[in-house]
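Written below as structure tokens is the structure these notes are about.
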Amino acid sequence: MLKRKVIWIYMKNLSWFLPIVILIIGANPSIAGSFWWKLLGFLLFVGIVALCVSSWIQANREQREIDENKHFDPVVFRQFN
């Protein structure tokens, strides 16, 4: 379980670094006009959409957890403050 979580964190960090790599590759003039540049642009677009969707899902999950925790009695939480 912990190993999966670590792999997920590495993949998430890589997803933020990947657009930079694609833009650096596109700086090469021989690639900028080729089919590969169009493919990399498409991958960049799909990556951005996937990143936005995953962030939206995570935000909804966190909001649901916050809403579920509102049902607890605040007196119980006061004793720990």
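Observations, loosely collected:
- For the stretch 6-13, 3J(HN,Hα) per residue [Karplus equation, 6.51 cos²θ - 1.76 cosθ + 1.60, θ = phi - 60°, Hz, x = Gly/Pro]: 5, 5, 4, 5, 4, 5, 5, 5
- Among 4-13, 36-45, the order from most to least packed when residues are scored by Cβ within 10 Å on average: 36-45, 4-13
- Averaged per residue, the chain has 93 square angstrom of accessible surface, using a 1.4 angstrom probe with ligands and nucleic acids left out.
- Share of carbon and sulfur in the accessible area of the chain stands at 71%, probe radius 1.4 Å.
- Taking label points 7 Å from Cα along the Cα-to-Cβ direction, residue 18 and residue 32 give a separation of 2.5 nm.
- Anisotropy class of the chain from Cα gyration tensor, a/c 1.5 cut: prolate
The values are calculated or read from the model by the stated rules, or taken from the named source; none is laboratory data. On a predicted model such as this, the values are computed, not experimentally measured, just so you know. Because the Cβ atoms are built from the backbone with ideal geometry, glycine has one as well, and the counts that use them run over all protein chains shown. Side chains are part of the model used for accessible areas, which takes the heavy atoms of the whole protein and leaves out ligands, DNA and RNA. Shrake-Rupley method; radii C 1.70, N 1.55, O 1.52, S 1.80 Å.
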